[in-house]
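Only one structure is covered here, and it is reproduced in the block below.
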Amino acid sequence: MEAVSIILIVLVAIVLVALLWGVATYNGFVRLRNLVQEAWRQIDVELHRRHDLIPNLVDTVKGYAAHERGVFEAVTQARATAAAPGSTPAEQAAQENALTGALRQLFAVAEAYPQLRASENFGQLQAELTNTEDRIAAGRRFYNANVRQLNTRVETFPPSLIASWFGFTRAEYFEVEDAAVRAAPRVDFGAAGA
């Protein structure tokens, strides 16, 4: 009778340990999923800030280069596409890449107008945009680190069992093919005035 009691206690202990491990693993997945969502929301805030700066930048350049209509339309269209809600991180990255390319065209137009480059308003908008780009880059690094943690947990055994049972899946990275595409658009106004 005593051997049966010991076996029963050992089995209950094993089940209890497995249950505690399952609860702890599940809670870890919830925490990681929430970190990924929070990090994405921070990126989204900075992307909205970037999108809000662009119309002011376009209007400032329009005041000096009204005949560059194609560039203004390209920037406006790229901004509208990037600002549209409901994109996945991969889709958002592609849309932001297109917007960055359009902004490069806008800054190339600005280079041809010394009075625009000297404009205080244009300089402030450019500095704000650069600051926002830096914040987006920092947010992207934080987001991708959390995604890496979540994806590693989803794919490793035995946590992958809990992930599959409760529907935890891999998250998408927010990345671009070319790191230069996400770099803040830079225009050197100092060399032109010298």
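The values are calculated or read from the model by the stated rules, or taken from the named source; none is laboratory data. Keep in mind that what you see is a predicted model, and the values were worked out from it rather than measured. FYI the Cβ positions are ideal-geometry reconstructions off the backbone, even for glycines, and counts take in every protein chain you see.
Pairs please, first residue from region 143-166 and within 25 Å of residue 44 (Cα to Cα), second anywhere and not in a helix (DSSP H, G or I), Cβ atoms under 6 Å, 6+ apart in sequence or on different chains.
143/174; 144/173; 147/171; 147/173; 150/171; 151/170; 154/168; 154/170
Listed residues 30, 23; which is more than 30 Å from residue 136 (Cα to Cα) and assigned to a helix (DSSP H, G or I)?
The match here is 23.
Which one of these is modelled with pLDDT under 85 and aliphatic (A, V, I, L, M): 112, 102, 127, 137?
Of the residues listed, the single one that is modelled with pLDDT under 85 and aliphatic (A, V, I, L, M) is 112.
So in region 67-80, with the set limited to residues that are crowded, with 16+ Cβ neighbours inside 10 Å and not hydrophobic (A, V, I, L, M, F, W, C), which one is modelled with the highest pLDDT?
79
Would you mind finding the one in 148, 170 that is surrounded by fewer than 20 Cβ atoms within 10 Å (Cβ to Cβ), among the charged types (D, E, K, R) and part of a helix (DSSP H, G or I)?
148
Table: residues versus (1) under 26 Å from residue 127 (Cβ atoms); (2) out of contact with any strand residue (DSSP E or B) (no Cβ under 8 Å at 6 or more places or on another chain); (3) surrounded by 15 or more Cβ atoms within 10 Å (Cβ to Cβ); (4) in contact (Cβ under 8 Å) with a residue 12 or more places away in the chain.
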site: 41; (1), (2), (3), (4): yes, yes, no, no
site: 48; (1), (2), (3), (4): yes, yes, no, yes
site: 53; (1), (2), (3), (4): yes, yes, yes, yes
site: 59; (1), (2), (3), (4): yes, yes, no, no
site: 65; (1), (2), (3), (4): yes, yes, yes, yes
site: 91; (1), (2), (3), (4): no, yes, no, no
site: 96; (1), (2), (3), (4): yes, yes, yes, yes
site: 113; (1), (2), (3), (4): yes, yes, yes, yes
